[in-house]
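Engineer: What follows is a single structure, and I will ask about it in a moment.
No value in this document is a laboratory result; all are computed from the given coordinates. Because the structure is a prediction, the values reported are computed rather than measured. Virtual Cβ from ideal backbone geometry, glycine too; neighbours counted across all protein chains shown.
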Amino acid sequence: MLILLLLTARQTGRVNSSQMIPRGQNMLLAARGLGIGAALTAGWAGKRRADIKALLGIPENVEPLGFPSMGYPDKERYGKTSRRPVAEVTHWDQWEGEKPNSATVAHR
């Protein structure tokens, strides 16, 4: 089991989860590059956080914030990602008319 942990601020005891989000994203990207499927979850653990900390012996000043699930996926449905060339979605110096953008056109 992987758990993303964050030390709480000593003075306030508060957690700034924005510190964990980029690290979690980098971990997901690295997993994808290795052909490992991954999803970062946390919401389900909110009500059980104290139980999780007690079970795993996590100190009071450390908060479990993310619980990434990872595994080798079914190769039939998980493969190379497809992206349009940068030239198709990049606008230079000004909006270039009817050029599609990623917000409105699905990936190939």
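Engineer: So, counting K/R as plus one and D/E as minus one, what does the shell of residues with Cβ under 15 Å around Gly43 add up to?
Structural biologist: +2
Engineer: Which whole-number percentage describes the relative contact order of the range 4-74, with Cα contacts under 8 Å and a sequence gap of 6 or more?
Structural biologist: 48 percent
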